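The values are calculated or read from the model by the stated rules, or taken from the named source; none is laboratory data. Everything numeric in this text was worked out from a predicted model, so none of it was measured. Glycine gets a Cβ as well: all are built from the backbone with ideal geometry, and neighbour counts include every protein chain shown.
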Amino acid sequence: MLSGQPAEVEEKKTDMFAAIMIVLTFVLVLAFAVQPLFVSKGAAIASDKVKLETLEIRKLSLYEQIKELELEFDMGNVSSDDYQRNRIELKREVSMVLEQLNSISSE
C-alpha cells in the first residue's frame, strides 16, 4: 500500500499542474483576443486628439489669412472683387472647420 500512495499523490500533483496550465493558457488566449477591443479605443481617442489639434491649427491659420487679406485690402493691394471673393471663401472654410471641431467635440 505504501508504494501505491506516492503514485496517487504524484498523479494528483500532475493533474493539478495540468489544470493550472489549462487555466493559464485559457486566460492568456482570452487576454490576447480581448486586447484589440481596448487598444482601439485608446487609438481612437488619440486620433481624435490629433484631429482636434490639426483642426485648431487650421482654424487659426484661416483667421490669420482673413486678417492678412483685410490688411492687404486696406493698403489697396487687393481689388474689391478679389477681397470679397477671397473673404467669402476663407469664411466658408472656417465654417467647415468649426463644424468639424464641434462634431468631434460632441462625440
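Assorted remarks:
- Filtering region 48-78 to residues that are of a type in the set (Ser, Thr, Tyr) and at pLDDT below 95 leaves only THR54.
- Long-range neighbours under 7 Å by Cβ, at least six apart or interchain, first residue basic (Lys, Arg) within region 83-107, second at pLDDT 90 or above: ARG87/ILE66; ARG87/LEU69
- Positions within region 69-79 being in a helix (DSSP H, G or I) and surrounded by 13 or more Cβ atoms within 10 Å (Cβ to Cβ), in sequence order: LEU69, GLU70, GLU72, PHE73
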